[in-house]
Amino acid sequence: MGAAFFPVLFFTAFWACIGIGVPMMTPKGPHQSLLRCIMMLTAATCWLFWLCCYMAQMNPLLGPKLSRHAIYMIAKEWGNELKDG
């Protein structure tokens, strides 16, 4: 599975709108700049988390490849005798 252009573009635009649009709607007050900073950082970290999860699916980690001998040893230790067949 390779990276598709549309999902990356769509979610980048979505989180850009959140990161730019929501801070513009913060109420006036002494902490307005702090609230804007929080909203922009939240949008940026949510986008980055999504991007990392999306990219991790492109090259998934697979479990270890065990030899037949190792599988039989593990089964014997766990009390699940396997039959040769």
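Observations on the model:
Yes/no per residue for (1) over 22 Å from the mean Cα position of the chain (by Cα); (2) modelled with pLDDT of 85 or more:
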position	(1), (2)
G2	no, no
A13	no, yes
C17	no, yes
T26	yes, yes
Q32	yes, yes
W50	no, yes
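- Test result for A44, in a helix (DSSP H, G or I) and within 15 Å of the chain's Cα centre (by Cα): yes
The values are calculated or read from the model by the stated rules, or taken from the named source; none is laboratory data. Source: prediction; values computed, not measured.
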